[in-house]
């Protein structure tokens, strides 16, 4: 469901055939000349080329599917370079709070039920885990799928290809998917979208794009309930450090980081206490 405060259109200036196919897939109109008027700001979805190559050196795999919000630069997902790969190399490995919260076994199978831009899922995969990403926004899912496709090209380092091979993507409402499909996994990870802060100048542009597209998650408690009936070992919920826990069953433990808290719901302990 599209909840952006701006109309969304497909920019077909680059790769017009792909743009036309994407417009049909997502049921989003192609950009018309009227969309360029300053009094009608739009959020565009199209392809971006970073300028490192030019002329005959540019192939279709050098273009990244990106969102172009009216007030920021392109927002895209990249598993090969940039912040995600830097985090993989220097983020602390298994010792980082996120990994300590989620690694209930040596290489647990994980469902990231709120995949977003795929940052945490990539961390899990880099630690050897098989990860299913669930993203309910068709537009964000398209960005993720484009990044997965690019990361599987022959010119991608083998180490990244191996990590990305452990990632799979489902475009669906996570609560409905967990309830109807009842998949088997060790861990379900939840990172609900929080209400947008009034002072959002420092908010990262990819987070701003997510907030514009999907808004805050109003069904987090329902999703937690569904996750608790699917996970075999634990459910982990990412929260702002001082935020209250989600309504319902209380977590068994928490792991703190400077700005974030990971609430852990250990399935075995909850069942032993008669809470599940």
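Since every read-out is calculated from the coordinates, none of them should be taken as a lab result. In this text the structure is predicted, and so the values were computed from the model without any measurement. Reconstructed Cβ throughout: ideal geometry from the backbone, glycine too, with neighbour counts over all protein chains shown.
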Looking at the square roots a ≥ b ≥ c of the eigenvalues of the Cα gyration tensor of the stretch 83-272, which shape do they give, rounded for a/c under 1.5, prolate if a/b is larger than b/c, or oblate? rounded
With 0.36 nm assigned to each residue of separation and the Cα-Cα distance removed, residue 222 to residue 207 gains 3.1 nm
Test of understanding: what is the full-extension gain from residue 229 to residue 72, defined as 0.36 nm times their sequence separation minus their Cα-Cα distance? 52.5 nm
If you stretched the chain out fully between residue 154 and residue 24, how much longer would it get, using 0.36 nm times the residue separation minus the C-alpha to C-alpha distance? 43.9 nm
One finds, for residue 275 and residue 168 with R0 = 25 angstrom and r their Cβ-Cβ distance, a FRET efficiency to the nearest 0.05 of 0.20
Between residue 106 and residue 242, what is the FRET efficiency for a Förster distance of 35 Å, r being their Cβ-Cβ separation, to the nearest 0.05? 0.60
Between residue 181 and residue 253, take the C-beta separation as r, use R0 = 35 Å, and let me know the FRET efficiency to the nearest 0.05. 0.80
Rule-of-thumb check for the stretch 100-189: C-alpha Rg over 2.2 N^0.38 Å? 1.06
